[in-house]
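See structure below.
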Amino acid sequence: MTRVPLPLNFYFNYLEDICPTIVRQEFECAITQSVQDVCWDNPEIALDLNNFAVIALIEAENTEDDSERKMLLNLAIEALGTGFEQYQHPLCAAHLALTLYLTGESHDAEELAYTALADVLQAAYYAPEDPGEPIGLIYLPPLFDRSLREATISELFRATSAHRQALLFLAKTLVFTQPVFYNSHGLRWLELASGLFPEAPRTNLALGISKLQNRQAEGLLYLHRAQQCDPAAPEILQALSLAYRDRGDLKNADLWKTIACACQLPSSEPSPEWRWTEVDLDSPLTYVEYDHCALAVEPSFKSIVTSVLLAQGDWFEREMEFWRIWLKPGMTVLDIGANVGVYTFSAAQQVGSTGCVIAIEPFAPCVNCLNETKKLNQFDWVKIYQSAASSRSGTASLKTYSASELNEIIPDEAADLTHTQAINCITLDELMFRENLARVDFIKLDAEGHELDILAGASKMIAVFQPTILYENIAGSKGSNLAVANTLRAIGYQLYRYQPYLKELTRLNSNEELRGLLNVIAIHPSQYDTVIALGYSDADLADEAALAELLMVSDASEL
């Protein structure tokens, strides 16, 4: 019996890990043919360069060593760059675009994938009966939802030719570069992917939800198509029920709920993904599975949170990975502008019962969801304030939108009677004394442009605890929140963006670098030792930590 090369075994182990239900024999012949003649020590032809890069990317994903991860990533980028620049190989282009996205170059990734897709169309469709060279190995990063990874791998290895495989992968890469799937760009790439993958349930699910969010009723077509491809998927059945509920068609909404009930395995306690089947159709909330628990959310695709979690299975912001890594048992975390608790209850699981999470949210329907999730999951260490954080305590005017995530505080004189409501305000300094807080480790700020007022009311808290702050840099069409950046820098904070694949913090040294960033992480020098202990590799940060210790600087502004 011929000995199987180590990289081949390594790749099959990778497939079995990310696709536990995959049938190895179904793809073994095609994959073996792809790698049988690869010169792993010195790959030169385009397909070999692609396959070499895929193995390097998998190794980079699995290593805990930051320097080794960077080295492997650079090897992959070099190989893919050669494969694309010298041979214009479309699979190399797809993987190169993917690595560009993973390292924060989203715009370049999208442009490369789009150009390569247009270039491969002729070869993919003109001679599909001529398979030409073997298909190549495929890498999908962990930011892909597990079920999406599995479905995508299966589809790509069933491709009839290398060019067809590359075309399909480039379309998937374009979707991946647009995690905000409900805007015009995201909708465009989903339509492209659905045209190429008409039987992909998760692609059709995301496209259907995106269209419904954009008030395009034909989104129902794609939800039905998704259900035909995967008849018992709880998220698809729930999407159909919610879609008909949004249309006022309670009869069909109830029908899909009944079908879902019949699909469940008998159990004394429903699992999080099926919990929604217990909710009445006229309930002001429903449940979605999130972070291994049932999260109460608004029962409508007008809600961004509901739409994203059903379509993608997780929250799309890159900083969520940093949030989950940074937070540790016993920490105290403040979630300002909590909405229904995507960050709140992720934090609750990280800090545990020895910690404390305080969620501040002014909008009553969202507060109801927060309280329900807390009760259902017994998160007794979560405290919920129905209030807005601000520069003063008292009352304010909240302008409401159909998507509650966009609600914002406005000046009282700008309020109108139909779309505003009076809400209570509290300063974080007052909260600190009211709760007798002994520590505050992390603050998340998402207040649709009200962040500066919140910081003004938190001066004592920040001076005492110097917490790490994750804040929204772009709210709607308002552009970069430069006032917040300047305020935080003035009190000694340094600003960073997070790169999830590298698990790296990149220093933002100018306001120009803030452009286009949805969120920014602000870290005080007093926290640098913690950052380094967690493995983040910013050389400047390490140097400043050493300098702070050497000089025993107590005033961060002196650094």
Where a Cα-Cα gap under 22 Å defines reach, which lysines qualify for Lys302, not counting those fewer than 8 residues away within the same chain? Lys211, Lys251, Lys257, Lys399, Lys478
How much length is gained on full extension from Ala232 to Thr400, taking 0.36 nm per residue of separation minus their Cα-Cα distance? 56.9 nm
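Quote the relative contact order of the chain in percent (integer), defining contacts as alpha-carbon pairs under 8 Å separated by 6+ residues. Please list the in-between numbers first.
Details: 933 pairs, mean separation 44.3, N = 559.
In percent, rounded to a whole number, it is 8.
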If you take Kirkwood radius over Cα pairs in Å from the coordinates, which of [x] 25.3; [y] 24.1; [z] 26.8 do you get? [x]
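Extension gain Asn42-Arg434, at 0.36 nm per residue separation less the Cα-Cα distance, in nm?
On the way: separation 392, 0.36 × 392 = 141.12 nm, distance 6.50 nm.
Once the chain is fully extended between Asn42 and Arg434, it gains 134.6 nm.
Using a 10 Å cut-off around each Cβ, can you sort Cys369, Cys425 from fewest to most neighbouring Cβ atoms? Walk me through the numbers on the way to the answer.
Details: Cys369 29, Cys425 23.
Going from sparsest to densest Cβ surroundings: Cys425, Cys369.
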Rounding to the nearest 10 and keeping the result within 0 to 90°, find how far the Cα-based axis of helix 24-35 lies from the longest principal axis of the chain. 70
Relative contact order (%) - the range 290-363, alpha-carbon pairs under 8 angstrom, separation at least six: 28
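Which value at 222 nm does the chain reach when only helices count, each DSSP H run of 4 or more adding -39,500 (n - 2.57), with the total divided by all residues and rounded to the nearest 500 deg cm²/dmol? Walk me through the numbers before you get to the answer.
Values: 23 runs with 278 residues, N = 559.
Calculated from helices alone, the mean residue ellipticity at 222 nm is -15500 deg cm²/dmol.
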Added length on full extension, which subtracts the Cα-Cα distance from 0.36 nm per residue, Ala490 to Glu218: 92.9 nm
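On a 20 Å Cα-Cα criterion, which of the cross-link pairs Lys383/Lys503; Lys328/Lys383; Lys328/Lys444; Lys328/Lys503; Lys328/Lys375; Lys374/Lys503 come out too long? Before the final figure, lay out each step's value.
Working: Lys383/Lys503 30 Å; Lys328/Lys383 18 Å; Lys328/Lys444 15 Å; Lys328/Lys503 17 Å; Lys328/Lys375 22 Å; Lys374/Lys503 30 Å.
Among Lys383/Lys503; Lys328/Lys383; Lys328/Lys444; Lys328/Lys503; Lys328/Lys375; Lys374/Lys503, the Cα-Cα distance tops 20 Å for Lys383/Lys503; Lys328/Lys375; Lys374/Lys503.
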Loop-only chymotrypsin sites (Phe, Trp or Tyr not before Pro) in the range 14-81, please: DSSP not H, G, I, E or B, and at most 13 other Cβ atoms within 10 Å. Trp40
Once Lys and Arg get +1 and Asp and Glu get -1 on their Cβ, which of Pro299, Leu431, Gln527 lies farthest toward the positive end of the dipole of the chain? Pro299
With point charges of +1 on the Cβ of Lys and Arg and -1 on the Cβ of Asp and Glu, referenced to the Cα centre of the chain, which listed residue (Tyr290, Trp274, Gly81) lies farthest in the positive direction of the dipole? Trp274
Once both label points are put 7 Å beyond Cα along the C-beta direction, the Gln264-Asp380 separation in nm becomes 2.7
Sorted on mean Cβ neighbours within 10 Å (highest first), peptides 179-190, 231-242 come out as 231-242, 179-190
Cα→Cβ-extended label distance, 7 Å offset, between Arg392 and Glu85, nm: 6.0
Pair Ala483, Lys328: separation of 7 Å Cα→Cβ label points (nm): 3.6
Please determine, in degrees from 0 to 90 and to the nearest 10, the orientation of helix 219-229 with respect to the longest principal axis defined by the Cα atoms of the chain, where the helix direction is its Cα long axis. 50
Which ³J(HN,Hα) values in Hz, rounded to whole numbers, follow from the phi angles of the range 54-62 under the Karplus curve 6.51 cos²θ - 1.76 cosθ + 1.60, where θ = phi - 60° and Gly and Pro get x? 4, 4, 5, 5, 5, 4, 4, 5, 8
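Since every read-out is calculated from the coordinates, none of them should be taken as a lab result. Remember, it's a predicted structure, so these values are computed and weren't measured experimentally. Cβ atoms come from the backbone with ideal geometry, glycine included; neighbour counts cover every protein chain shown.
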